[in-house]
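Encoded as structure tokens, the structure appears first; notes follow it.
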Amino acid sequence: MSQMPQYSAPIKPYSSTNSSIRAELSEIDASLRVSSLFFITSAIFWLMAGTILALIAAIKLHEPSFAAGSELTTFGRMRSAHMNAMALGFGNNMIFAVCTWIMARLCRTPIRHGGLLLIAGSFWNLGLTVGIAGIIKGDITSVEWLEIPKYATPLLAISYVLIGVWGIMAFRFRKGEHVYVSQWYFLGALFWFPWLYIVAQVMIIWVPAQGVVQSVTNWWYAHNYLGLWLTPMALGTAYYLIPKVLGRPIYSYYLSVLGFWSLAIFYNWAGVHHLIGGPVPVWLLSAGIVASVMMVIPVIVVAINHHLTLIGSRLNWWKSPTLRFVVFGAVNYTLVSIIGSTMALRTVNMTTHFTHFTVGHAHHGVYGFFAMIMFGGVYYMMPRVLNREWPSATLIRVHFWMCALGILLMVFALQICGWIQGTQMNDAINYPDFLEIVKSTRPYMIIRSISGVMLMIGHLAFGLNFFWMLFSASAHRVQKEGPTLLISKKEVIKT
Amino acid sequence: MNNLPLLFCGIFFTLAFSFTGIVLTSHLQFGNLTLSTEELEDDGDGNLVMVEGDPMYPRLEGGVALQGKQVYIEMGCIYCHSQQLRRESHGADMDRGWGPRASVVRDYITQKRVLLGTMRTGPDLTNVGGRLQGDAGRDWHHKHLYNPQITSKGSIMPPFAFLYSLQKVDGDPSENAISIPADSEYALDPGYEIIPTRRAVALVEYLLSLKIDYSLPEAPILE
């Protein structure tokens, strides 16, 4: 059993009492201070813009005459601008901030030439602003997940590569022998995303492939944007934060190897399940369905590792703002993945395809899982980078409850709506009039808008707390009062 | 896991695997399909085969309809309307009369941008030109685009009134004015009329051009 220690306690991602290691970490934190502030600030701006665009699109689905006077605000453009602002603006900026930082810490190396990272980041946000303005102006491509017009995408691709190189550079100059599970996920994702993006751009937009080869490539890209980019980044973040905050190792380090490789092998075949029943060879769909079902393996592995690490921690995770978000995200990862595998089955897909069920599922994954874990990452990271504490525990609570309840309400509303919609759509005898099906979605669309308002309140609380922390005069509170925790006044007195 | 060459190879080959399997193999398998000829004949074994002849189907994109497709793309119609018909017994697309047969790979080979769509907030449009035809269809589309409530009360489709211009009737009413019945609650003030812009005309021509009215060897329309 001489092999076992290597798996069971390979590194200690939790806080060290060794002062030289702590000094090293603060040097790394300092090297990323400016760039991570820039990325998080950008992410918050995109989050606000994306939320407003989302609300406009959501209201249009029950009040079609709302903001209908101009083609700039028509549904197709608002919805696409929302999606790109969230995925590429909020999502990627968050990843650039949180995952680069975790990568640097795990590699125990300060980031060199942070100024160049800042320039690359500015071009990313510039390219995205041009792209989203282009969508609203009418240069939208109408290719799902790739709506940004041709003139903005090369800039996005180049600036992405420049940013991604930083993660790889940190890895290249790492100290210490061991490579932790988060680092595999980050490395994989940093490498996968540009490949996916460039192939999809070339085969769909620049040199269009013939016919539905485009659609197949489209869904290979779009599903992998979630599966091989957002998912590994969020899982790597959770793998870092859970043991770090709780101060105990991952339940089974050995299993995480299995989890990583099964995700890498199966996830990237799953995307074609978005075309089930469509004009695509059946073997391709079957392969996609098999891969979607096989995704149960990495999901169960990650569930065991994340959830069993938490068990017995006497609700410590509930008091930590970081872990409260991360655990919510991790639980939803398990749920959304199991639902996703089920939706890929032909008989289930027959009902859920083409309905709001899929829209609910997408929000469940990207928001309930990815965004919530990233919020947790920011709550952990900012005090260390700025050497300040979050000024208001109440605002953190508002953020958590509004976003957690908001997203659950949205997912319930959309998936119930989608199931009814799909059942009626497949029943031409009892529901021959399509307009009746359209009308039956309306109450759920109203609930979805309400959930959107809840999310907006949560985001405002988050943004307010962040800028308050950034601009407040009372710096270095961290030494005096300790970290901001989500505990009641009674407990404060006890401690 | 500290074996880094293995880690890098793994990261590379996992994506290379699906890229080859999904993207490249699709391209090789059906990236070079050709147009069908008009005539299909039974080869004696019960298979329909293409006879030598001029390539006919699917029709090439072009003209005003292609300009209309650009409007369809710009307005993001794809986010609520699909253009793919599922086969009999997998969903009710055929039972709804949305089209005469399921759509197949070859139906899309002439399209520079394929707009399959994955959402049906509104109905499928693969064969909308077969359902609404000629002047009656054109008239319906214009009214519906101008304000969906005129033709489909309670619809949640956004109005595209900005593709139309409201103007004073100058002498005789214009020939291309949209006909809204005078007793409708959406009737115009007397002396006014609504004229479609060129983009609205093109969009409607595109919708009228969306038709599955031809058989393919792999997907014949059964009488």
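For the reader, a short list of remarks on this structure follows.
- Just one of the listed residues (A:Ser182, A:Ser215) is crowded, with 24+ Cβ neighbours inside 10 Å and over 24 Å from A:Ala97 (Cβ atoms), and it is A:Ser215.
The rows are residues; the columns are (1) in contact with a helix residue (DSSP H, G or I) (Cβ under 8 Å, 6 or more places away or on another chain); (2) surrounded by fewer than 24 Cβ atoms within 10 Å (Cβ to Cβ).
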residue	(1), (2)
A:Ser292	yes, no
A:Val296	yes, yes
A:Arg314	no, yes
A:Leu323	yes, no
A:Gly329	yes, no
A:Met343	yes, yes
A:Thr347	no, yes
A:Met372	yes, no
A:Tyr379	yes, no
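- Unique residue being assigned to a loop (DSSP other than H, G, I, E, B), under 29 Å from B:Tyr186 (Cα atoms) and within 9 Å of chain A (Cβ to nearest Cβ) when the list is B:Gly117, B:Gly122, B:Gly97: B:Gly122
- Note on region A:48-85: among residues that are crowded, with 24+ Cβ neighbours inside 10 Å, closer than 19 Å to A:Leu126 by Cα and of a type in the set (A, V, I, L, M), the one that is nearest to the chain's Cα centre (by Cα) is A:Ala85.
- Looking only at residues in region B:151-193 that are modelled with pLDDT under 95 and aliphatic (A, V, I, L, M), the one that is surrounded by the fewest Cβ atoms within 10 Å (Cβ to Cβ) is B:Ala182.
- Screening region A:276-342 for helices (runs of 4 or more DSSP H) wholly inside it with 2 or more residues that are within 14 Å of chain B (Cβ to nearest Cβ) and not β-branched (Val, Ile, Thr) returns the ranges A:282-294.
- Qualifying residue in region A:194-211 (condition: touching a His at 6+ places or on another chain (Cβ under 7 Å), at pLDDT 95 or above, on the phi < 0 side of the Ramachandran plot and crowded, with 21+ Cβ neighbours inside 10 Å): no
- Per the listing A:Trp124, A:Trp101, the residue uniquely without any contact (Cβ under 8 Å) to a residue 40 or more places away in the chain, assigned to a helix (DSSP H, G or I) and of a type outside the set (D, E, K, R) is A:Trp124.
- Condition met for B:Thr121 (hydroxyl-bearing (Ser, Thr, Tyr), out of contact with any Phe, Trp or Tyr (no Cβ under 6 Å at 6 or more places or on another chain) and more than 21 Å from B:Gln67 (Cα to Cα)): yes
- So A:Gly236, is it in contact with a Ser or Thr (Cβ under 6 Å, 6 or more places away or on another chain), more than 8 Å from chain B (Cβ to nearest Cβ) and at negative phi: yes
- Residue among B:Pro159, B:Pro181, B:Pro190 that is within 14 Å of chain A (Cβ to nearest Cβ) and assigned to a loop (DSSP other than H, G, I, E, B): B:Pro159
- Scan of region A:68-78 for residues that are without any contact (Cβ under 8 Å) to a residue 60 or more places away in the chain and either closer than 22 Å to A:Ala413 by Cβ or in contact with a Leu (Cβ under 9 Å, 6 or more places away or on another chain) (or both), ordered by number: A:Phe75, A:Met78
- Residues (at the interface with chain A (Cβ under 8 Å from one of its Cβ atoms) and surrounded by fewer than 18 Cβ atoms within 10 Å (Cβ to Cβ)) located in region B:11-20: B:Phe12, B:Phe17
- Looking only at region A:239-275, and only at residues there that are away from chain B (no Cβ under 14 Å) and β-branched (Val, Ile, Thr), the one that is surrounded by the fewest Cβ atoms within 10 Å (Cβ to Cβ): A:Val245
- Candidates in region B:81-94 are the residues that are under 12 Å from the mean Cα position of the chain (by Cα) and more than 7 Å from chain A (Cβ to nearest Cβ); of these, the one that is farthest from B:Asp107 (Cα to Cα) is B:His81.
- Residues of region A:381-423 classified as free of Cβ contacts under 8 Å to residues at least 40 places away in the same chain and buried (at least 17 other Cβ atoms within 10 Å of the Cβ), total: 1
- Reported count of residues in region A:72-90, each being out of contact with any helix residue (DSSP H, G or I) (no Cβ under 6 Å at 6 or more places or on another chain) and of a type in the set (Gly, Ala, Ser), is 1.
- Any hit, region B:183-201, residues being among the aliphatic types (A, V, I, L, M), touching a residue at least 60 places away in the same chain (Cβ under 8 Å) and within 30 Å of B:Ser36 (Cβ to Cβ): no
The values are calculated or read from the model by the stated rules, or taken from the named source; none is laboratory data. Remember, predicted model here, so these are calculated numbers, not experimental data. Methodologically, a virtual Cβ is constructed for each residue, glycine included, from the backbone with ideal geometry; neighbour enumeration extends over all protein chains shown.
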